[in-house]
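The values are calculated or read from the model by the stated rules, or taken from the named source; none is laboratory data. As the structure is a computational prediction, the values presented were derived from the model and not from experiment. Because the Cβ atoms are built from the backbone with ideal geometry, glycine has one as well, and the counts that use them run over all protein chains shown. Protein only, heavy atoms only, side chains kept; ligands, DNA and RNA dropped before computing areas. Shrake-Rupley method; radii C 1.70, N 1.55, O 1.52, S 1.80 Å.
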Amino acid sequence: MNGFDLRPIRSLVVTRQRSANQRVNSEIWNLNLDQIEPHTGRVLSKVYIDSSKLGPSTYLFAPKTVLYSKLRPYLNKVIVAYESGAATTELVPLICKESEVIPEYLAYFLRSNKFLTFASNVVSGAKMPRMVMSEFWNYKAPIPSIPEQRRIVAILDQAKALLEKRQQSLAQVDGLEQAIFYAMFGDPIKNSMRWPLRRLGEVGTLDRGVSKHRPRNAPELLGGPYPLIQTGDIANCDGYIRSYQSTYTDFGLKQSKLWPAGTLCITIAANIAKTGILTFAACFPDSVVGFRSGQQSTIEYVRVLLSFMQKRLEDFAPESAQKNINLAILRALDIPFPPIKRQETFARYINELGKLKASYRSSLTELDALFASLQHRAFRGEL
């Protein structure tokens, strides 16, 4: 550890919760878990409310308090609060002893992969797992001198800033797809350019995926060479499905269907109307519909058009055990269809954007690995 002391977390901080009833302001920052981005320490939004409306399960915190989420610690929600506010009691307030540790260093350490692995394995409760706080307080963190802590924080801040810039660039490229669509085809919901309307089922083939065997996770089905795409793979892709988490065996394939690369996958359960184009042949269950374009449409046009309609389809989905839409709804969907030549031009733009996104994602993966490596080395005293 190159001289880094190992110190129990309880020796580095004080925890001082003040009841929200002890203070009355016209407005106060009210921090809940859903406002914290996992893994980054970024506050997604700030909500200010009249302090008289604070609930009983809140407390007041001071500036520079480290707030650690004990609920679902695998989500890794840790921030340094730079202004006072009120927080849910699921966030543990850590007031750093200034002579021992600085808030930014402690927050980086609590978000590190090493501590995350520890925290994820020391929980109680199945549905709503919480950190076992006795284990938390007794965990021994590597604590260098204050100047060294500041140096480590400065390095990690620079690496984090670079990572965030690349993430912002990728988000801007994602937004270009819809911007180009608007420029070429107008608003698809209002059909502002008055393109002819056609039913989706008339311009291509739509069929549900197949997974006949029950239970669907039977061991003999899984672990073979055939990619199996689930709704989560589609919901989390960037428009193109480039990876998968599960596979079928030969037996699994027999009770399913292998769809070719270039198929547009559309989710109809859980995540409604999320889309992704297969970049390899794959199977998927009946919670996913496969669309193959005909001579009057391109798969890229349909994918981006459906991204505009996703919220509308989600709102339209009838509620049962879980929200879902059926094949008939998709086949009967009236959508504007411009000339195929214009669609093909759009497809070329989208394919070029896809290459750019792939390059950005590769760079982002490398930066993620670099940041994780820097954290690992920093807390071992190797920077």
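Assorted remarks:
- Partners of Lys311 within straight-line reach, counting aspartates and glutamates whose Cα lies under 16 Å from its Cα and excluding those fewer than 8 residues away in the same chain: Asp187, Glu319, Asp334.
- Cut-off under 5 Å, modelled amide H: who pairs with Leu31 long-range: Ala86, Ala87, Thr88
- The stretch 342-378 and the stretch 21-85: distance between their alpha carbon centers, rounded to Å: 33 Å
- For Gln230, nonlocal amide neighbours, meaning residues 5 or more places apart or on other chains whose placed amide H falls under 5 Å from its own, are Gln245.
- Accessible surface of the stretch 40-81 [probe 1.4 Å, protein heavy atoms]: carbon and sulfur percent: 54 percent
- Span from the the stretch 219-271 Cα centroid across to the the stretch 90-148 one, whole angstrom: 38 Å
- A Förster radius of 51 Å combined with the Cβ-Cβ distance from Glu366 to Ala126 puts the calculated FRET efficiency at roughly 0.90.
- For the chain, the solvent-accessible area works out to 50 Å² per residue, with a probe of 1.4 Å and every protein chain left in place.
- Structure note, pairs Lys257/Lys341; Lys254/Lys274; Lys53/Lys274; Lys160/Lys355; Lys127/Lys254; Lys64/Lys160: Cα-Cα distances above 29 angstrom occur for Lys257/Lys341; Lys53/Lys274; Lys127/Lys254.
- Cα gyration tensor shape for the stretch 58-112, rounded if a/c is under 1.5, else prolate or oblate: oblate
- Peptides ranked, highest mean first, by Cβ atoms within 10 Å: ranges 104-111, 208-215: 104-111, 208-215
- Look at the Cα gyration tensor of the stretch 22-102: its axes a ≥ b ≥ c give a/c of at least 1.5 with a/b at or below b/c, and that counts as oblate.
- Prolate/oblate/rounded label for the stretch 43-173 (Cα gyration tensor, a/c 1.5): rounded
- Mean ellipticity per residue at 222 nm, deg cm²/dmol - from DSSP H runs of n ≥ 4 across the chain, formula -39500 (n - 2.57): -11500 deg cm²/dmol
- HN-Hα J in Hz across the stretch 190-203 - Karplus 6.51, -1.76, 1.60, θ = phi - 60°, x for Gly and Pro: 8, 6, 5, 9, 6, 6, x, 8, 9, 6, 4, x, 8, 10
- Each peptide in 257-265, 242-250 was scored by the mean count of other Cβ atoms within 10 Å over its residues; highest first, the order is 257-265, 242-250.
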